[in-house]
Each structure stands twice: as C-alpha cells, then as structure tokens.
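The numbers here are math on the coordinates, done by the rules we state, and not lab data. The shown structure was predicted, so the numbers you read here are calculated from the model rather than taken from an experiment. Using ideal geometry, Cβ is built from the backbone for each residue, glycine included, and neighbour counts are taken over all protein chains shown.
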2 protein chains.
Amino acid sequence: MKIGIIGSGGVAKVLGAALAARGHDVKLGTREPAKLSEWAGGARASAGTNAETAAHGEVVLNAAAGTGSLSALEAAGEESLDGKVLVDLANPLDFSKGMPPTMTIHNTDSLGETIQRRFPRALVVKALNTVSVEVMTAPAAVNGGDHTLFVCGNDAGAKARVTSLLREWFGWEHFLDLGDISAARGMEMYLPLWLRLWGALGTPRLNVKVVR
Amino acid sequence: MKIGIIGSGGVAKVLGAALAARGHDVKLGTREPAKLSEWAGGARASAGTNAETAAHGEVVLNAAAGTGSLSALEAAGEESLDGKVLVDLANPLDFSKGMPPTMTIHNTDSLGETIQRRFPRALVVKALNTVSVEVMTAPAAVNGGDHTLFVCGNDAGAKARVTSLLREWFGWEHFLDLGDISAARGMEMYLPLWLRLWGALGTPRLNVKVVR
C-alpha cells in the first residue's frame, strides 16, 4: 500500500526501509528532500516534500521530531490529511539542552492532542511512540513478541485499522486501547521512564508487558 | 521491626495494617492523630504525630499525599530522618481540579528529588509509587508476582535494604534499579499512563513487567 512517512531522521528511515522491504510503496517527507538522496530505502521507496508525502499516503505516519512535528504537518497540508489515518509516533522531547531531554508539551496537554486539535478531520492515532524503532519493526525480537503496544485516538475505526496494519506489517500481537486521544498525555509522559529503562538495561530493545 | 508511616490516607492505612499483620510495630503519622482513632491497624499499630512517627521508625515510609508530603516531612523533623532509609512512595498529583489529576512537580524535577534535596542526610529511595496499595502489599496477586518494581535513589545500600525488606514483607521478587534519585522523574511521570491503564483494565490490580 501507499504509505507516507513525515520525517527524515533515524526512526523515519528505518521504518520506511522496513515497510518498503515488505513491498509497500513508501515515501518519506522532509523539508529538504535532497537530504534523503542517499537514503537506501529500497526500490519501492522515495523521498519528497512533506506535502507530496502526505498526498501519497493512504495512511500517514508522523515520525518527525516531536519539536518539529507541527510545522512538518503544517507543510504537509490540511487537505492531504483530511479523513486519513494519521499515526503519531513522535514524542515532544527537547534534546537541545543535553540529557535528559525535557518535554515541551506535558501534564495538561500532549503532542497527540495538539495535532488532533490542529487537524480536526485527520484520524489521529497515537501509537508506537513508546518503543524504539527496532522494536516497532520487529516486536518478536523482544520476549517473543509478548509485550504491550498502547494505542489511543478518538476514532474507533482508525484505531482498528492501525492495529490491523501493525499486525500485518510487523507482527504486533498485543495492543491495549487506552481510550481517546487525551491518553496521549500518559503515553508521552512515559518517555522519561522509558529512557531510564534503556539506561538500566543497556539497550533500547525493550518494552513493558501490562499484567494483571 | 519499628516502621514509621507518614500519612493517614488510604494508602498509609492499608500499608500500615498489612505491616502490623506481619508482626511489625507500626506507627502512622498525621497532623491530627485523633483522625486515626478508629483506624483498625491491629494491636501492634498506633497513630501519632509526624514527629513521633519519624522518631519511631527504623525505616520511614512517606505515604502522604504528594502535595502534602513536604510539609508532613517538615513536621516529622530533619533530625529524625537523618541517616534513615526514607521510602518515598508518594506521587505529586493534584486532584483538586478534578480528573485527570495534574502533576505539581514534573519534567525537570520530581518529588523524590525535592525530598532528597530538602533532607540531604536522609537515604531517600523512591519505590512503590508505580503500583496501587493492593499490589504493593500483595504482588503475587498480579500475574503470580511476575512483574517489575522500579526503585531509585542515591545510596546503593539503602536501595539494597529496601528491596530486601519488600521481599521479606510482601514477597516482591522483581526489582529494577533505575539509578540515582533523578530517576524519580520518570517513575512519577509514569502515573498519567498508569491511570489510563487502570481505566482500560477496570482495576488498579495491575502492573507492568519490563521485558527484553
């Protein structure tokens, strides 16, 4: 299928290559497509402007940096996002002042909510932001795939579409629907803990399994 | 052993009763000990002022509300906390404006760090704040005990003491040391996610298991 990925950083590139390798027609979007001229996404992958990328995708993934997501999506254009599933996997982390990063949106708001407010007709689903790109694209490499992926969003159909796609694309098996897009607050504020988990385990190839 | 619990809310009471039932000499501390006159903590449990409670405990647990923790510990008194293990299980959540609560300390600081700064000679260990009191006192009731308890703090010996006590008191088996007290930031900012997990699962009898 045609997939548009907003972003040109490490997450966007690895995700794009993984989807292209599975036969999808992937376009990566960036302000300066020339930056991606050496990106080895494979024969079925290309780079374009954010506007071209959003228009290209049947589904659009926001894999831009958290601090640049809103401007990248503005450049993508509201019309191209209307009625489309927009998977937001970005985290509003500011690394500019060193480690640990600070959150630029938190506590009473989230990036997911901000994007949904700005693009009210996009079907925003927050997902994948709680795992590293290695885990996103190969969940079975962690505990045999037995761990939890959180999703939230206002549209039940869009959430069902996203979980179905993630199952098909990468073999994700265990989803936990946390409700409407305001749950993005919790999913994003989990990042400071996640960074400490990475530090304690010495690898970002980790996740949590919710148990009861 | 003699255990001092700062706090008179639900968490403090259940925790105190559970420890008293295991034969410990428990004192609950509050500004108004009369409020606890009907608390059925058992024969080995008593109530007192915060100062009496801190002096009583070989180990002190802060189970006060997050927003009241610092003033309760001020009342407990610096001398009584000097050199003592102080387990901070509070979360800086403000419920006064309705649900969801907002965090009063977050992002660039945490309650755990605030307490450690204010009482530099106390051995502050952040622990138990990521689970409900039902899970704190009976971890085996969730997934047979196979889930993760996060701990952090600046003193390795204090952390070892706390994990040893939690193993002995309640049967906790799986600890993950996240490093120094600044990891309290991540452990506290996990709470908005935890509240959504509770909502999604319909019970606070839950936890996460970190897997890799």
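Here are the numbers:
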{"item": "Teacher prompt: B:ASP109 distances to equivalent labels in other copies, 7 Å Cα→Cβ, nm", "result": "2.2"}
{"item": "Inter-chain shielding of A:192-205 (mean C-beta neighbours from other protein chains, 10 Å cut-off)", "result": "5"}
{"item": "Average beta-carbon neighbours from other chains, 10 Å sphere, peptide B:42-55", "result": "0"}
{"item": "Per-residue ³J(HN,Hα) for the stretch A:56-62, Karplus 6.51 cos²θ - 1.76 cosθ + 1.60, θ = phi - 60°, Hz, x for Gly and Pro", "result": "5, x, 6, 10, 10, 10, 8"}
{"item": "Rg [Å, one decimal], Dmax [Å, integer] - the stretch A:70-136, C-alpha atoms", "result": "13.1, 38"}
{"item": "The stretch A:33-38 - phi-based ³J(HN,Hα) in whole Hz, Karplus 6.51/-1.76/1.60, Gly and Pro as x", "result": "x, 4, 4, 9, 4, 9"}
{"item": "Convex hull (Cα only) mean projected area of the stretch A:1-115, reported in nm² to one decimal", "result": "7.3 nm²"}
{"item": "Helix-derived mean residue ellipticity, 222 nm - over chain A, DSSP H n ≥ 4, -39500 (n - 2.57), to 500", "result": "-10000 deg cm²/dmol"}
{"item": "Intensity falloff of the stretch A:121-211 expressed as log10 I(q)/I(0), Debye formula with alpha-carbon point scatterers, at q = 0.16, 0.17, 0.19, 0.22 Å⁻¹", "result": "-0.62, -0.70, -0.87, -1.13"}
{"item": "Copy-to-copy label separations for B:GLU78, where each label sits 7 Å from Cα toward Cβ, in nm and ascending", "result": "5.7"}
{"item": "Candidate lysines - alpha carbon under 22 Å from A:LYS2, same-chain residues fewer than 8 apart omitted", "result": "A:LYS13, A:LYS27, A:LYS35, A:LYS84, A:LYS126, A:LYS159"}
{"item": "Label 7 Å beyond Cα on the Cβ vector: A:GLU168 copy-to-copy distances, nm", "result": "5.7"}
{"item": "Surface/4 estimate of mean projected area, convex hull on alpha-carbon atoms of chain A, nm²", "result": "11.2 nm²"}
{"item": "Cα convex hull volume per residue for the protein assembly as shown (Å³)", "result": "129 Å³"}
{"item": "Within the stretch A:71-173, trypsin sites (Lys or Arg not before Pro) in DSSP loop having at most 16 other beta-carbon neighbours inside 10 Å", "result": "A:LYS97, A:ARG121"}
{"item": "Cubic angstrom per residue, convex hull over Cα atoms of the stretch A:103-151", "result": "102 Å³"}
{"item": "Residues whose placed amide H lies under 5 Å from that of B:VAL125, excluding near-sequence neighbours", "result": "B:LEU86, B:VAL87, B:ASP88"}
{"item": "Distance between the stretch A:1-37 and the stretch B:68-114 - C-alpha centres, whole angstrom", "result": "45 Å"}
